[in-house]
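For reference, the structure is listed below as structure tokens.
Every number in this text was worked out from the coordinates using simple rules, so none of it is lab data. Quantities reported herein were computed from a predicted structural model and do not represent experimental measurements. Heads up, the Cβs are rebuilt from the backbone with ideal geometry, glycines too, and the neighbour counts pull from every protein chain shown.
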Amino acid sequence: MDQGEVVLEESLILEELGAVLPEYMVPGALVVMDSFPLTINGKLDKRSLPDPDFSGSMEAYMAPRTELEIAVCNIWKEVLGLDRVGVTDNFFRIGGNSILAIQVAHLMSKALKFDIKVSDIFRLKSIIGTLEVLKEDFGLVKPYYLTYNYELDDMIFISPSRSGSEVYQNLAEMLGTKYNCIGIDNYNIHYKDKISSLNKLANYYILEYEQKYTLKEPINLLGWSLGGHISLEIAVILEGRGYKNINIILLDTFLRDKKMLSLSNKNYKDFEIKESKKVYVENVIAALDAENELANSSITDQLKYSNILLFKAMLININNKKSKLFDEYCKTLDTNNINLISDNVQVINLECYHENILETNSLTINNYLSAKNKIITLTLNV
């Protein structure tokens, strides 16, 4: 080591990364390299990169104690390709990712004879945490927090189409100091009897939520795409029950008009889920018809009191010819047609695509929502 050279401990680097990244994005292992291997064309030679060693990431190893814990540890070892997994190990710190979480959730469900959802792996992260929390069945309600804070308002995340509440994990962790973040998982992905009625599904989600929590004002609803559509219908129902202090955060949600219907109905089954577990893909595909009907549904009434904040994606994916016309038309609509059901809409334009709004703009969205009462202030000034 040269004199004056600074040596950084791996634990310090991971700690610093953990301060700015959601936990599932923090690397499970670090590899020190003098230089990157290159191909003859000067590009990174990925095949020559050394394999990461995840063994050093297992802090305070706790061995499985029961037959159930042993069975689940064996599942994790098989999926992650590890020789040893402890019951307190963080799934994402020992090599896990979103694709492997799908496999683990499927295999755990078969072994436990209990429906383990992908969102459970994201929010609970460890074997002991999963087994402890799942003793109490929360159904579709998936709290992102570990301890409920009665001093904070609640933020309810409604799942979009083709995925569950796990898509909000990053944003929910960012907002965790300002709100009790609670997800509602995707009914149509997890149950065979599909619900294609927008009002019926919205009522079902409210019932699921009220079995675990008491609705308290302000009621904060957040949804991406179809999740926002369902959030609007939930707000209609709640306004009908007398609630007036409702904030709705929409992530590029749009209400389909006749032109949108003609552009979207042809292509709603054209998509890819790469490298996912077959049964999960089958569940997503089985839900498509119901979800398309939901997306085509009109909101059943006008919203009179709710404050709406729309984060609108402004970029058009020119590489996707099937959605290009749809995106181009949406860009001409200042409020994505949300103004058809409410006069109280604030719009924030984002330089992103509809598909990657959470991936690229969670920090921006967090900054807006973290300011106390900013939602209400913004919308009342429109």
5 angstrom amide H check on VAL141, placed H, neighbours 5+ away: ASP185
Which shape class, rounded, prolate or oblate, goes with segment 140-380 when its Cα gyration tensor gives a ≥ b ≥ c as root eigenvalues, a/c under 1.5 marks rounded, and past that a/b bigger than b/c marks prolate? rounded
What is segment 97-209's relative contact order, in percent, from Cα pairs under 8 angstrom and six or more apart in sequence? 25
About the Cα centre, charge dipole magnitude for segment 140-380 (Lys/Arg +1, Asp/Glu -1 at Cβ), debye: 280
Classify segment 57-138 from the C-alpha gyration tensor, please: rounded if a/c falls under 1.5, else prolate or oblate depending on whether a/b exceeds b/c. rounded
Checking the table LYS194/LYS304; LYS258/LYS324; LYS110/LYS194; LYS212/LYS304; LYS142/LYS304; LYS200/LYS244 against a 19 Å threshold on Cα-Cα, which pairs fail? LYS194/LYS304; LYS110/LYS194; LYS212/LYS304; LYS142/LYS304; LYS200/LYS244
